[in-house]
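Asks: Provided herewith is a single structure, encoded as structure tokens, for subsequent inquiry.
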Amino acid sequence: MTKVSMTVNGKTVSGDVEGRTLLSGFLRENLNLTGTHVGCDTAQCGACVVHVNGEAVKSCNMLALEADGADVGTIEGQANQDGSLNVIQQAFQDHHGLQCGFCTPGMVMSAAALLKENPRPTEAEVRKYLEGNLCRCTGYHNIVKAIMAASGQDVSSIAAE
Ligand code: FES
Ligand code: FES
């Protein structure tokens with residue numbers, strides 16, 4: 001076992017991990033941050049997306065040891081300070097961007113990374129960015145709409161689905 005330390009949602013954390021321990025496993029099992037979901041463990045579904053040093057990363061595709069010293073953000077750190085939903089989370093709720101919710105943490109984390117680098121994305125840009133995030137329920141339409149609404153764009157002309 002090797003000791004690993006990092007900042008997660010603004011707090012310094014550490015734990016003992018095996019060389020094969022994935023960042024997703026460290027977050028879920030060592031830190032009990034189970035909002036980071038694991039759908040495939042093979043870097044395909046995007047349910048496990050977190051932020052590592054400000055970049056969206058599939059945490060099942062990174063060893064915990066590789067995140068040693070990193071600044072990690074998870075869905076548990078996304079709400080506003082008063083506990084209310086942040087603008088992206090609220091937009092997902094307002095525009096029905098989720099059904100079962102399994103993909104939602106990864107979608108929100110990817111959306112946050114997208115809006116940081118591209119604050120007013122087009123619909124095509126949102127769809128392109130979400131290529132690595134799979135959703136089995138929604139058909140994506142309302143997820144895209146929610147992200148565009150979160151960016152402050154008028155989505156009233158985009159039909160609900
Ligand atoms: S669990 Fe990481 S991409 Fe599916
Ligand atoms: S809301 Fe069920 S997988 Fe996306």
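Asks: Could you grab me the full set of residues in region 1-49 that are buried (at least 16 other Cβ atoms within 10 Å of the Cβ), of a type in the set (S, T, N, Q) and under 22 Å from residue 136 (Cα atoms)?
Replies: 24, 36
Asks: Determine which single condition residue 138 fails, assuming it passes every other condition in (1) of a type in the set (Val, Ile, Thr); (2) farther than 16 Å from residue 26 by Cβ; (3) modelled with pLDDT of 95 or more.
Replies: Going through the list (1) of a type in the set (Val, Ile, Thr); (2) farther than 16 Å from residue 26 by Cβ; (3) modelled with pLDDT of 95 or more, residue 138 breaks only (3).
Asks: Inside region 76-132, can you point out the residues that are closer than 12 Å to residue 143 by Cβ and among the charged types (D, E, K, R)?
Replies: Within region 76-132, 123, 127 meet the criteria.
Asks: Among the residues of region 103-143, write down those that are outside any helix (DSSP H, G or I) and under 17 Å from residue 35 (Cβ atoms). Lay out the reasoning, then the answer.
Replies: Residues of region 103-143 that are outside any helix (DSSP H, G or I), as a first pass: 103, 118-122, 133-140.
Hits for region 103-143 are 103, 133, 135.
Asks: How many residues are under 8 Å from the mean Cα position of the chain (by Cα) and assigned to a strand (DSSP E or B) if we restrict to region 42-55?
Replies: Total satisfying the criteria: 3.
Asks: Confirm whether residue 46 is within 16 Å of ligand 1 (Cβ to nearest atom) and in the same structural domain as residue 142 (by TED's automatic domain parsing). Break it down stepwise before answering.
Replies: On the way: within 16 Å of ligand 1 (Cβ to nearest atom): yes; in the same structural domain as residue 142 (by TED's automatic domain parsing): no.
No.
Asks: Every residue in region 56-102 that is of a type in the set (D, E, K, R), away from ligand 1 (no atom under 15 Å from the Cβ) and not in a loop (DSSP other than H, G, I, E, B), please.
Replies: Applying the first criterion (of a type in the set (D, E, K, R)) to region 56-102 yields 58, 66, 68, 71, 76, 82, 94.
Now drop any that are not away from ligand 1 (no atom under 15 Å from the Cβ), which leaves 68, 71, 76, 82, 94.
Matches in region 56-102: 71, 76, 94.
Asks: All but one of (1) in contact (Cβ under 8 Å) with a residue 40 or more places away in the chain; (2) under 20 Å from residue 102 (Cα atoms); (3) in contact with an Asp or Glu (Cβ under 7 Å, 6 or more places away or on another chain) hold for residue 36, so report the exception by its number.
Replies: So residue 36 meets the others, but not (3).
The values are calculated or read from the model by the stated rules, or taken from the named source; none is laboratory data. Owing to the predicted nature of the structure, the values given are computational and were not obtained by experimental measurement. Reconstructed Cβ throughout: ideal geometry from the backbone, glycine too, with neighbour counts over all protein chains shown.
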